[in-house]
Amino acid sequence: MTSASLTSASGPARRTVVAAAGAAGLAVALTACGGSDDDTPGSSVDSGSTGASPDGGGESGGGSGGGENAGTDPLASTADIPEGGGKVFADRKVVVTQPTAGEFKAFSATCTHQGCAVKSIADGVINCPCHNSNFSITDGSVQSGPATKPLPAVEITVSGDSITLA
């Protein structure tokens with residue numbers, strides 16, 4: 001019997017098995033980065049609407065952001081954003097905060113450490129569940145690491161009681 005006849009058994013090739021195991025591991029890792037919704041007072045997560053993805057540039061009221069439905073599809077009502085807190089719009093990858101009464105800010109909801117989605121706002125900070133980085137609701141600056149860069153500001157427009165991506 002030759003070595004060729006010994007290796008022609010039916011079944012998946014070793015590379016196929018290893019690739020499948022790797023893909024399964026990747027799926028588990030991506031699911032773990034998703035975290036869970038946080039129902040703490042002063043925080044909120046919204047994943048129900050569709051629309052634009054911010055590019056993270058500029059500051060609230062100036063700069064760039066938005067996407068295909070920017071400026072046309074309301075993101076939220078001002079009443080939806082608690083004073084001293086905020087709300088995460090996971091589907092739009094943006095977090096909107098109200099540091100003081102009537103002052104609204106928006107930032108990318110993607111953590112600058114390793115790209116996880118921030119999930120909640122509590123005690124004046126935006127929280128990333130993956131590695132516990134915290135960012136200021138006022139300017140997106142890092143309050144505690146491992147992140148070293150602030151959340152990029154996203155331009156929004158507040159008109160009456162409606163907040164839209166600019």
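In table form, for the structure just shown:
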read-out: Length gained when the stretch A79-T138 is fully extended (0.36 nm per residue, less Cα-Cα span); value: 19.4 nm
read-out: With every protein chain in place, region 102-147: carbon and sulfur % of accessible area (1.4 Å); value: 40 percent
read-out: Accessible area (Å², per residue) of region 71-135, counting only protein heavy atoms and a probe of 1.4 Å; value: 37 Å²
read-out: Overall form of region 88-166 per C-alpha gyration tensor (a/c, 1.5; a/b vs b/c); value: prolate
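The values are calculated or read from the model by the stated rules, or taken from the named source; none is laboratory data. Remember, predicted model here, so these are calculated numbers, not experimental data. Side chains are part of the model used for accessible areas, which takes the heavy atoms of the whole protein and leaves out ligands, DNA and RNA. Shrake-Rupley method; radii C 1.70, N 1.55, O 1.52, S 1.80 Å.
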